[in-house]
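Let me begin by presenting the structure, written as structure tokens, before commenting on it.
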Amino acid sequence: MLPVRILVLGGTAEARALAAALDNAGVDFESSLAGRVSRPRLPVGLVRIGGFGGAAGLASHLRDTGVTHLVDATHPFAATMSAHAVDAGRATGIPVLRLARPGWGSRPDAAAWHWEPTLDAMRATAETLGERPFISSGRQTLPAFAPWSDRDVTVRVVEPLDNPAPPRWTVLEDRGPYRLDGELALLRDHRIDVLLTKDSGGSYTSAKLDAAAHLGIPVVVLSRPSTLPGAAEVSSVDACVEQLLAGATGH
Ligand code: NAP
């Protein structure tokens with residue numbers, strides 16, 4: 001077998017599942033986290049934390065640490081990191097495999113959602129649909145909703161906000177996985193009449209969509225950034241492991 005050393009760009013449940021599978025298979029690997037979350041859920045195995053210093057920094061890291069395969073298992077909306085992975089792969093000749101969970105677009109209720117390409121478009125659409133929004137699109141998206149400082153907005157974030165939210169906003173700190181009963185209670189208790197989300201996909205945070213469907217609450221969805229050419233893509237951890245092990249054994 002050829003010597004293999006895999007770097008997994010993580011920060012997702014899939015990346016943690018991949019780390020567990022690689023650990024189980026006895027493969028040499030390391031996971032990388034951005035360091036955004038103060039108490040991150042850590043994958044099994046070796047973990048490094050912090051940015052690389054752009055695509056060039058990542059390329060140096062790959063060379064310096066003898067990485068043979070790079071897996072980009074970052075969140076579907078971590079577009080900068082994914083672009084850097086492709087660029088670093090090109091610069092070093094190291095193959096890049098993208099592990100991206102499927103989006104929610106194939107759900108039966110997704111056809112009725114309001115799909116938008118930008119945060120500004122989400123805000124404009126949501127204003128036509130309701131007056132008490134629930135923003136679940138992440139801390140980094142909140143500046144786009146600053147014009148709603150005079151509204152009763154409910155926001156859910158994993159990490160505390162850096163700056164205080166407007167007085168009329170309710171900020172909930174929590175992290176998935178979420179369950180339907182809790183999401184129904186949240187939407188009812190805060191009298192939510194429009195839900196805003198990214199098309200994150202997966203089951204960790206999808207209960208809010210079931211709850212919105214149950215209560216007839218309209219949903220505004222931020223579409224995914226377009227995928228970049230230059231990385232092979234798989235949508236499941238099993239397929240990712242299969243490809244990596246096939247590459248490792250030269251099959
Ligand atoms: P981003 O905007 O695509 O990346 C910004 C910078 O953060 C990158 O240029 C890189 O810094 C650093 N970075 C990102 N992911 C990294 C990783 N896994 N290891 C080392 N450095 C990393 O990323 P983001 O959207 O802020 O997401 C940051 C992390 O949170 C990612 O690991 C992602 O999987 C996770 N996450 C993101 C979301 C989301 O909605 N965006 C949701 C859940 C989890 P350098 O240029 O210095 O290398």
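Rounded to the nearest 500 deg cm²/dmol, what is the calculated helix-only ellipticity per residue at 222 nm for the chain, with -39500 (n - 2.57) per DSSP H run of length n ≥ 4? Could the numbers behind the result be given before it?
Working: 7 runs with 80 residues, N = 251.
Using -39500 (n - 2.57) per qualifying helix, the result is -10000 deg cm²/dmol.
Of all accessible surface on the chain at a 1.4 Å probe, what whole percent is carbon and sulfur?
Carbon-and-sulfur percentage of accessible area, whole number: 52.
With unit charges on the beta carbons (Lys and Arg positive, Asp and Glu negative) and the dipole taken about the Cα centre of the chain, which residue among G11, S137, G57 sits farthest to the positive side?
Comparing the listed Cα positions along the dipole, G57 ranks first.
Among A126, A100, A112, whose mean-square fluctuation peaks in a Gaussian network model of the chain (Cα, cutoff 10 Å)?
Of A126, A100, A112, the most mobile in the Gaussian network model is A112.
Say R0 is 45 Å: what FRET efficiency, to the nearest 0.05, do T128 and A239 get from their beta-carbon distance?
0.65
Label H214 and H114 with points 7 Å out from Cα along Cα→Cβ: what is the distance between them in nm?
Here the answer is 2.4 nm between the modelled labels.
Going 7 Å from the Cα of R151 toward and past its Cβ, which residues in region 177-194 have a backbone nitrogen under 15 Å from where you end up?
What the label zone holds, given the 15 Å backbone N cut-off, is 191-194.
Please list, in order along region 50-67, the HN-Hα scalar couplings obtained from phi with the Karplus expression 6.51 cos²θ - 1.76 cosθ + 1.60 (θ = phi - 60°), rounded to whole Hz, x for Gly and Pro.
Residue by residue, region 50-67 yields x, x, 9, x, x, 5, 5, x, 5, 4, 4, 4, 4, 5, 4, 9, x, 5 Hz.
Dipole of the chain, Cα-centred, from +1 at each Lys and Arg C-beta and -1 at each Asp and Glu C-beta, to the nearest 20 debye?
Details: 24 positive and 27 negative charges, 50 e Å.
Computed charge dipole of the chain: roughly 240 debye.
With θ set to phi - 60°, apply the Karplus curve 6.51 cos²θ - 1.76 cosθ + 1.60 along region 186-201 and write out the HN-Hα couplings as whole Hz, x wherever there is a Gly or Pro.
Result, ordered by residue: 4, 5, 6, 4, 9, 6, 5, 10, 7, 10, 10, 8, 8, 7, 5, x Hz.
Among 150-162, 21-33, how do they line up by average Cβ neighbours within 10 Å per residue, starting with the highest?
21-33, 150-162
Using only the alpha carbons of the chain, what is the convex hull's orientation-averaged projected area in square nanometres?
14.0
Toward the positive end of the charge dipole of region 147-251, about the Cα centre and with charges on Cβ (Lys, Arg +1; Asp, Glu -1), which of P147, Y178, L244 goes farthest?
Farthest towards the positive pole: P147.
Let me spell out the model: positive unit charges on the Cβ of Lys and Arg, negative unit charges on the Cβ of Asp and Glu, origin at the Cα centre of region 30-129. What dipole size does that give, in debye rounded to 20?
320
In whole Å, how far is the Cα centre of region 201-251 from that of region 77-118?
Region 201-251 and region 77-118 have Cα centres separated by 8 Å.
The values are calculated or read from the model by the stated rules, or taken from the named source; none is laboratory data. Model, not experiment: these values are computed from the prediction. FYI the Cβ positions are ideal-geometry reconstructions off the backbone, even for glycines, and counts take in every protein chain you see. Heads up: the accessible areas ignore ligands, DNA and RNA and are worked out on the full protein's heavy atoms, side chains in. Shrake-Rupley method; radii C 1.70, N 1.55, O 1.52, S 1.80 Å.
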